[in-house]
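The next block holds one structure in the form of structure tokens; read it before the comments.
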């Protein structure tokens, strides 16, 4: 995965930026054309789910459960799946002050961004561990 193209058609541009950032930090060259890539990291689905866990007396959200999930696979140059599809997720519970909606919105956005970064990190660790184990499997002679 020396050179990688990231395929993502979702609306969450922050997730795409975070994926490219983390790949670059790990020494992977991210290319803009799939033909130049040794592998394609395909993010097939990304979801952010917010569930209200509790409300105040006026019915305003006081506590949320937030879940970020990413379904992905690693595709080779010939179009074959090298790894996956797999899914990773990251969760958090967030307590808010119902009387301050502006601060709550900011806190919610920051929490989602942090969970996305964590999920991307988990995704890349899985891909990396699969790449390490594949050469070992290929070197074992068949009987």
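The values are calculated or read from the model by the stated rules, or taken from the named source; none is laboratory data. All of these numbers come straight from a predicted model, not from anything done at the bench. Cβ placement follows ideal geometry from the backbone for every residue including glycine, while neighbour counts extend to all protein chains displayed.
Tabulated values for the structure
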| item | result |
| --- | --- |
| Residue in segment 59-75 that is modelled with the highest pLDDT, counting only those that are surrounded by 12 or more Cβ atoms within 10 Å (Cβ to Cβ) and over 22 Å from residue 15 (Cα atoms) | 63 |
| Count - residues of segment 47-60 that are in contact with a strand residue (DSSP E or B) (Cβ under 8 Å, 6 or more places away or on another chain) and either under 22 Å from residue 79 (Cβ atoms) or touching a residue at least 40 places away in the same chain (Cβ under 8 Å) (or both) | 5 |
| In segment 111-125, the residues that are buried (at least 17 other Cβ atoms within 10 Å of the Cβ) and either closer than 15 Å to residue 74 by Cα or in contact with a helix residue (DSSP H, G or I) (Cβ under 6 Å, 6 or more places away or on another chain) (or both) | 116, 117, 120, 123, 124 |
| 1 or more residues over 15 Å from residue 128 (Cα atoms) and more than 19 Å from the chain's Cα centre (by Cα): qualifying strands (runs of 3 or more DSSP E) within segment 1-96 | 39-55, 61-76, 81-95 |
| Selection count where residues are closer than 19 Å to residue 34 by Cβ and either touching a residue at least 60 places away in the same chain (Cβ under 8 Å) or in contact with a helix residue (DSSP H, G or I) (Cβ under 9 Å, 6 or more places away or on another chain) (or both), scope segment 76-110 | 4 |
| Test: residue in segment 30-39 that is closer than 21 Å to residue 94 by Cα and either at pLDDT below 95 or in contact with a strand residue (DSSP E or B) (Cβ under 7 Å, 6 or more places away or on another chain) (or both) | no |
